[in-house]
Amino acid sequence: EIAKALALDARIIVMDEPTAALTSHEVERLFEIIRDLKKHDIGVIYISHRLDEIFTIADRVTVLRDGANVGERPIGEMTRSHMIEMMVGRELKDEFPSRVPVIGEPRLEVRGLRRGGAVRDVTFTVHRGEILALTGLVGAGRTETVRLIFGADEREAGEIRIDGNPLAIRSPEEAIASGIGLLTEDRKLQGLALGHSVRENFGLPNLIRLSRGGFVKLGREREEFDGYAKQLSIKIPNREARAGNLSGGNQQKVVLAKWLARNCDVLIFDEPTRGIDVGSKYEIYLLMNELAAAGKAIVMISSELPEVLGMADRILVMHEGRVTGEITDARRATQEQIMELAVA
C-alpha cells in the first residue's frame, strides 16, 4: 500500500491503523520507512489507538473525540495521561480496571486440539470467573485455535468439554447452542452484517428465542436491543442505523450486545479492542470483569502485551501452532517473559 502511494508521487500519505496486523519486527520496519519518508519531505498522517506508537513516531498530535478536534500539541508537550484524558473527556486514573478474581471449577476444557500445522496438540482449561489470555506473535495459531473451538473450522483431532460434558461441535450453530460465544478478530467481515441495521445484527444469534413460526417478534427484539444499547452506552442515531456507519467502538459494543443476550457460559474475545478508542476500551474491560465475576469463562486473544498483563488472570503463549508456555500469575509477569515464550 505504501509502494502504491509512492508510485502516485504522493506528498501526503494517510496511514489508518497501519500496525493492526503487524508483528513487532514489522512495526519497527514500518517506522523506519516513515522516518525515510519524512527525510524526503513527505508528510504522514498516522491514525492509531496505540499510544506507545504515537510517542515513538509522531512529531505532533491531534486528538479527536466524537468527531471534533479537542486539542493539538507537539509530542514533547504531551504525556500519556494527558492524551488519555483528552480522548475520553475526563480523568482516567488507570487504563485497566482493578479486579479481585474468584476462580471456580473448570468450565471449558480443550484437549489435544489439532488442525494441520496451524494448530498442533493444543490443550488448556478455563475456569469459571477466570480471564485466560491467549497471546503470541501474529500467525502463532491463536485465532485458528478458537475457530476450532467455535466450530468455524473442522478439527482433525481433539476434545472439547464444557462443565465436564464432551461436545461434538461441528458448526458455529452447535457451539452457540452449547453456550459458546465468539467475538471475532475482524468485526467488519465476520462479526457484523454491515449493510443491515444494528437491531438486525443484535437479533441474528438470538433468532430462535426472538421468533415464532418463522417470524421475528420485532417488538421483543427492539425492547431487548434498546436495553443493551443503554447498558453498553452504544452511540447510535436509532436502532435502524446501519452497522457499517458506526465507529469501531460502537460496532464492537453491538457485537458484545448480541452475545450478552445469548447468555453464553464461555465467551471468546479475539482482539476485543483493536481499533477502539481508550474510553471504549475501558468500558469493554469493565464488562469483561463483570462477566468473569458472574462466573463466565473468558478467553481473550490479544497482541497488545499491556492489555494482556492488565486484564488476564493467567496467560498462555503460542508459537507456530503450539502452546509454548503458561504464566500462572499474570499480574507479576513482564512483557519480556511473554516475548521469550512467543519466539521459542
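On the given criteria, is Leu287 within 19 Å of Glu185 (Cβ to Cβ) and out of contact with any Gly (no Cβ under 9 Å at 6 or more places or on another chain)? Yes, satisfied. A Cβ distance below 9 Å, combined with a sequence gap of six or more or placement on separate chains, defines the contacts here; from segment 149-175, residues that are touching a residue at least 24 places away in the same chain (Cβ under 8 Å) and more than 23 Å from His127 (Cα to Cα) reach residues that are among the acidic types (Asp, Glu) and surrounded by 12 or more Cβ atoms within 10 Å (Cβ to Cβ) in the pairs Asp153/Glu144. Here are some residues: Leu316, Leu309, Leu286, Leu341. Which one is at pLDDT 90 or above and over 20 Å from Leu137 (Cα atoms)? Unique residue meeting the criteria: Leu286. So, in segment 4-39, exactly how many residues are farther than 15 Å from Glu53 by Cα, modelled with pLDDT of 85 or more and surrounded by 12 or more Cβ atoms within 10 Å (Cβ to Cβ)? Number satisfying all stated conditions: 5.
Applying the condition of being β-branched (Val, Ile, Thr) and assigned to a strand (DSSP E or B) to segment 154-180 and asking which residue is nearest to the chain's Cα centre (by Cα) yields Ile180.
Output yes when any residue across segment 277-296 is hydroxyl-bearing (Ser, Thr, Tyr) and either at positive phi or without any contact (Cβ under 8 Å) to a residue 40 or more places away in the chain (or both), and no when none is. Yes, some residue in segment 277-296 is hydroxyl-bearing (Ser, Thr, Tyr) and either at positive phi or without any contact (Cβ under 8 Å) to a residue 40 or more places away in the chain (or both).
Among the residues of segment 324-344, those identified as open to solvent by 50 Å² or more (accessible area, probe 1.4 Å) and of a type in the set (A, V, I, L, M, F, W, C) are Met339, Val343, Ala344. Whenever a residue of segment 125-136 is closer than 15 Å to Arg111 by Cα, its partners that are open to solvent by less than 10 Å² (accessible area, probe 1.4 Å) and of a type in the set (Val, Ile, Thr), lying with C-beta atoms within less than 8 angstrom and at least six residues away or across chains, give the pairs Thr125/Val110; Val126/Val266; Val126/Ile298; Val126/Val299. If you go through segment 287-312 and keep only what is in a loop (DSSP other than H, G, I, E, B) and open to solvent by less than 10 Å² (accessible area, probe 1.4 Å), you end up with Ser302, Ala312. Here is a check on your reading of the model: is Arg90 farther than 21 Å from Val308 by Cα, modelled with pLDDT of 95 or more, of a type outside the set (Phe, Trp, Tyr) and more than 19 Å from the chain's Cα centre (by Cα)? So Arg90 fails the test. Checking each residue in segment 126-158 for being among the charged types (D, E, K, R) and touching a helix residue (DSSP H, G or I) at 6+ places or on another chain (Cβ under 6 Å) picks out Asp153, Arg155.
This table checks each residue for (1) out of contact with any strand residue (DSSP E or B) (no Cβ under 9 Å at 6 or more places or on another chain); (2) among the charged types (D, E, K, R); (3) assigned to a helix (DSSP H, G or I); (4) surrounded by fewer than 12 Cβ atoms within 10 Å (Cβ to Cβ).
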site	(1), (2), (3), (4)
Asp41	yes, yes, no, yes
Val44	no, no, no, no
Asn69	no, no, no, yes
Ser98	yes, no, no, yes
Phe124	no, no, no, no
Gly129	no, no, no, no
Leu134	no, no, no, no
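The values are calculated or read from the model by the stated rules, or taken from the named source; none is laboratory data. These numbers come from a predicted model, not from an experiment. No Cβ is skipped: glycine too gets one built from the backbone with ideal geometry, and neighbour counts run over all protein chains shown. All accessible areas refer to the heavy atoms of the entire protein, side chains included, with ligands and DNA or RNA removed. Shrake-Rupley method; radii C 1.70, N 1.55, O 1.52, S 1.80 Å.
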